Amino acid sequence: MLVGCAFAATQIAGCGTNGNAQIPSITQAPLSQNALQLAVGTARIGQDGGFVGLNVVATLRQPNGLTAVLADQPTLTGPAGFAVAPGTPGAYGSGNVDAGTAHISGSPQVPRNNAGLVNSTLGTFTGVFSYGFGPFNCDQNCTNITGYYPGNPNGSGGNGFSSSIYDGSSIVAKALGTGDPTQPLPYFSSDPVDYLMGPPAVPFFNDGTFPSGFAGYSPGFTDFEMAPVAGQYSLAVHVAAQNASPITYNATATLSATGGLGPITVTDFTSSGGGGTGHVTVPAGVTETLVFIEDVEAGLYYTVGPLTGTGTVAFTLPGTLGPCTGSGCQNGASATPSLTAGDDVFVSAVGFDYPAFEAAPPGNKQQKPTIAGANGQADLTASAVFPTTARR
């Protein structure tokens, strides 16, 4: 038996990452009941000039669909010809143990003095949770009262997060010319540099009832700016249980087509009345699209969709999804604007050929949701950022 998380009814991403509306209590659950899934595909990254990289989708869930463990160590291994470039930095600087190999890995948990620290791509803080990778591994600071989740990642210096160059290539980071192209995205931090799912696509959570700083739900995808190689990929997720026998979960997925979906573009976005409207040009092959909208100064994340159809597709962000107090406050007199006039706003669209939204928390509670499309892959295409300024 391993200490795990027992969640209340409404998922968020708490100590059981991507988990529940309040930090859950801790219970024990058999590790053997958990299940790991893997899907791979292509990722056309608009912020990188349309470069086609590798998309990885993973789930590690209990039978009830919630995240399985508090900390784990993943290793993704590619087929022949797949290689991490020599000299690629790791989470703690140069000397990445993955450089020159066919795998991308995390590091074993270490004491807070970093004795025995291994410098890998993902470091000690990044694990696989209910929907995707994220820096939410518990350490000595993670209890049944506090946990790590999007907006409150594992940021302790002794655990490598604050000194890490694993800064992703998220839509804001790349738009500002920063970010390491050898590192994965999305990146979950307390800064507004992330693809995170917020309202209206998911139930409203900016009402003071969620854990402090909760910023949104994981969209499930992690895109590596590495050329995809056809063949079989394997994911091993090791759990170094202290009150039970350690266990390693394994899953495989095959990448057959490496060409990628066509480019997707946010053609316009006009803010008004606290919200805004815009259009996306969606290529053939995309079955659903999510539009991610960030109010940069406010650190607020919104998602519109899933939108269906190809060609020119319209979208609307409602104007009353800003923070307020009390359940249902977004529908009452105390509602606040979604976007604050004068704030920078970044808009990006991501098109998928698999049911990305349908597999996501908080709505999906299946242990093994469908994470691949009709072609057996999880392909996506992400637009370049459309930057604008919110108006009244």
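The values are calculated or read from the model by the stated rules, or taken from the named source; none is laboratory data. Everything numeric here is computed off the predicted structure, so don't read it as measured data. Here the Cβ is made from the backbone with ideal geometry for all residues, glycine too, and neighbour counts use every protein chain on show.
Summary of computed values
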read-out: Only listed residue being surrounded by 20 or more Cβ atoms within 10 Å (Cβ to Cβ) and of a type outside the set (Lys, Arg), chosen from Gly260, Gly208, Gly213, Gly231; value: Gly260
read-out: Tabulated pairs, region 225-239, first of a type in the set (Ser, Thr, Tyr), second modelled with pLDDT of 95 or more and crowded, with 16+ Cβ neighbours inside 10 Å, C-beta under 6 angstrom, 6+ apart or interchain; value: Tyr233/Val40; Tyr233/Gly78; Tyr233/Ala253; Ser234/Thr77
read-out: Residue count, region 269-296 (criterion: surrounded by 15 or more Cβ atoms within 10 Å (Cβ to Cβ), within 30 Å of Glu225 (Cβ to Cβ) and at pLDDT 95 or above); value: 15
read-out: Number of the exception - Ala9 against (1) in a loop (DSSP other than H, G, I, E, B); (2) small (Gly, Ala, Ser); (3) at negative phi; (4) modelled with pLDDT of 80 or more; value: (4)
read-out: Looking only at region 300-317, and only at residues there that are of a type in the set (Gly, Ala, Ser) and either at pLDDT 95 or above or surrounded by fewer than 16 Cβ atoms within 10 Å (Cβ to Cβ) (or both), the one that is farthest from Pro387 (Cα to Cα); value: Gly309
read-out: Residue pairs meeting the criteria (Cβ under 7 Å; at least 6 apart or on separate chains; first assigned to a helix (DSSP H, G or I), in region 311-334; second surrounded by 12 or more Cβ atoms within 10 Å (Cβ to Cβ) and among the aliphatic types (A, V, I, L, M)); value: Cys329/Ala335; Gln330/Leu321
read-out: Considering residues of region 341-392 that are part of a loop (DSSP other than H, G, I, E, B) and among the aromatic types (Phe, Trp, Tyr) only, the residue surrounded by the most Cβ atoms within 10 Å (Cβ to Cβ); value: Tyr354
read-out: Matching residues in region 239-257 - criterion: being out of contact with any helix residue (DSSP H, G or I) (no Cβ under 7 Å at 6 or more places or on another chain) and buried (at least 17 other Cβ atoms within 10 Å of the Cβ); value: Tyr249, Ala251, Ala253, Leu255
read-out: Residue count for region 214-231, restricted to those that are small (Gly, Ala, Ser), within 19 Å of the chain's Cα centre (by Cα) and either closer than 17 Å to Asn137 by Cα or not in a loop (DSSP other than H, G, I, E, B) (or both); value: 2
read-out: Qualifying residue in region 106-122 (condition: of a type outside the set (D, E, K, R), closer than 18 Å to Leu54 by Cβ and part of a strand (DSSP E or B)); value: no
read-out: Only one of Ser245, Ser271, Ser234 that is out of contact with any strand residue (DSSP E or B) (no Cβ under 6 Å at 6 or more places or on another chain) and not in a loop (DSSP other than H, G, I, E, B); value: Ser271
